[in-house]
1. Only one of (1) more than 19 Å from the chain's Cα centre (by Cα); (2) modelled with pLDDT of 95 or more is not met by Pro180, so which one is it?
2. Please verify whether the stretch 311-318 includes one or more residues that are at pLDDT below 95 and among the polar types (S, T, N, Q).
3. So, of the residues in the stretch 209-223 that are at pLDDT 95 or above and assigned to a loop (DSSP other than H, G, I, E, B), which turns out to be nearest to the chain's Cα centre (by Cα)?
4. Find the strands (runs of 3 or more DSSP E) located wholly in the stretch 230-321 whose residues include 2 or more that are surrounded by 22 or more Cβ atoms within 10 Å (Cβ to Cβ) and under 19 Å from the mean Cα position of the chain (by Cα), and list them.
5. Sort out which residues of the stretch 126-149 are out of contact with any Pro (no Cβ under 8 Å at 6 or more places or on another chain), surrounded by fewer than 22 Cβ atoms within 10 Å (Cβ to Cβ) and touching a residue at least 24 places away in the same chain (Cβ under 8 Å), and write them in order of number.
6. Does the stretch 102-117 contain any residue that is of a type in the set (Ser, Thr, Tyr), modelled with pLDDT of 95 or more, closer than 29 Å to Thr156 by Cβ and surrounded by fewer than 17 Cβ atoms within 10 Å (Cβ to Cβ)?
7. In the stretch 71-80, is there at least one residue being exposed (fewer than 15 other Cβ atoms within 10 Å of the Cβ) and outside any loop (DSSP other than H, G, I, E, B)?
8. Please go through the stretch 133-163 and pick out each residue that is out of contact with any helix residue (DSSP H, G or I) (no Cβ under 9 Å at 6 or more places or on another chain) and closer than 27 Å to Pro234 by Cα.
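The values are calculated or read from the model by the stated rules, or taken from the named source; none is laboratory data. Not measured: the values here are computed from a predicted model. Ideal geometry is used to build each Cβ from the backbone, glycine not excepted, and the neighbour counts take in all protein chains shown.
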Amino acid sequence: MADSSVATGLLIGTADGLFAADLDGAVDRVLDGRIDAVARYDGRWFAVAGGNRLVRGLDHARRDHAWEQVADGPRMTAVTVAPESDLGVVFVGTADAQVLRLEDGALVTLDAFDSVAGRDEWHAVGSSVPYVRSLTATADGRTVLANVHVGGIPRTTDGGRSWSPTIEPDADVHEVRAHPTRPEVVVAAAAVGLATSRDGGSTWTVTTAGMHASYARAVVVADDTVIVSASEGPFAQRGALYRRAVDSDGVVERCTDGLPEWFPGNVDTGCIDAGGSTVAVGDGGGSVHLSHDAGREWSRLAIELPPIRAIAVVSGARESG
């Protein structure tokens, strides 16, 4: 089942501010300071601001006074909202490889994450300690997956009371994303390639077929198409995008129409998002690229921003008639 929503704008987190953008390129600065992650559920946004603050706004929150601090805590690196209830349940990942859950206005540490099998095999690459690089929740809210760098993708099916390891830590996963409407489908970008699960993240298959290099850094599902970024490594000077039907086991296709020959380095974790068939990509040079057909054709939005750290498509229900 494809996502029936329609894109209306973008929310872009950068090294120096949170920006709301229309699809025609009009931009408002929403918040000052560094933004590391954003997540949306049912018209409400959550963002990791300044490293240790969780803030919340609404779809139409285009000014700083429309945002409020929800909680503070340790250094946060990722956020997701699981649709377990009408309000959703917020999970936050941290720089010291913890997962927190928002409860009654406070971030509560999920102690079971400390004892997940294989945690003693986690190791640091590009950081002093392993950390939670990304989080995602399946469409039914029953499963939450935490991408640890470097430690695989532990998953919980009971709200965080217990966790199980999945993909091998040495796969070096950089981002995990659930399908927006199909709870059984989860995808991941890893140093070994594009990883796909069709059982809610319990087991994985990996491919590099069609990619110029295996090092995948960011991933999303647009309608029923997977979009993934790849390069030759963490310090690569050029990157590319690829697409493939989510149910396919075949070769990925490079996205070229309307895009530069190469992106300036990696399209990083959190810098690809989708709403329905609209895909937004923030590149290492502060540019934003849009596709309205799940990655076939692209155009560059006429804006220049500080280094982009997170991007999200603002979307609403598709009108009938």
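1. Answer for Pro180: the failing condition is (1).
2. For the stretch 311-318, residues at pLDDT below 95 and among the polar types (S, T, N, Q): present.
3. Within the stretch 209-223, the subset at pLDDT 95 or above is 209-222.
Filter once more, so that each one left must be assigned to a loop (DSSP other than H, G, I, E, B): 209-214.
Numbers: Ala209: 23, Gly210: 23, Met211: 21, His212: 22, Ala213: 21, Ser214: 19 Å.
Filtering first and then ranking leaves Ser214.
4. On the way: elements: 238-245, 272-275, 278-282, 288-291, 299-301, 308-317.
Answer list for the stretch 230-321: 238-245, 272-275, 278-282, 288-291, 308-317.
5. Kept after step one, since they are out of contact with any Pro (no Cβ under 8 Å at 6 or more places or on another chain), are these residues of the stretch 126-149: 127-136, 144, 147.
Next cut, surrounded by fewer than 22 Cβ atoms within 10 Å (Cβ to Cβ) only: 127-130.
Ser127, Val129, Pro130 - these are the residues of the stretch 126-149 that are out of contact with any Pro (no Cβ under 8 Å at 6 or more places or on another chain), surrounded by fewer than 22 Cβ atoms within 10 Å (Cβ to Cβ) and touching a residue at least 24 places away in the same chain (Cβ under 8 Å).
6. Narrowing the stretch 102-117 to residues of a type in the set (Ser, Thr, Tyr): 109, 115.
Of the ones still in play, those that are also modelled with pLDDT of 95 or more are 109, 115.
Still in the running and closer than 29 Å to Thr156 by Cβ: 109, 115.
Among the residues that remain, those that are also surrounded by fewer than 17 Cβ atoms within 10 Å (Cβ to Cβ) are: 109, 115.
Taking every residue of the stretch 102-117 in turn, at least one turns out to be of a type in the set (Ser, Thr, Tyr), modelled with pLDDT of 95 or more, closer than 29 Å to Thr156 by Cβ and surrounded by fewer than 17 Cβ atoms within 10 Å (Cβ to Cβ).
7. We begin by selecting, within the stretch 71-80, every residue exposed (fewer than 15 other Cβ atoms within 10 Å of the Cβ); these are 75.
Still in the list and also outside any loop (DSSP other than H, G, I, E, B): none.
The answer is no; no qualifying residue exists.
8. Once the filter is applied, which keeps residues that are out of contact with any helix residue (DSSP H, G or I) (no Cβ under 9 Å at 6 or more places or on another chain) and closer than 27 Å to Pro234 by Cα, the stretch 133-163 yields Arg133, Ser134, Leu135, Thr136, Ala137, Val144, Leu145, Asn147, His149, Arg155.
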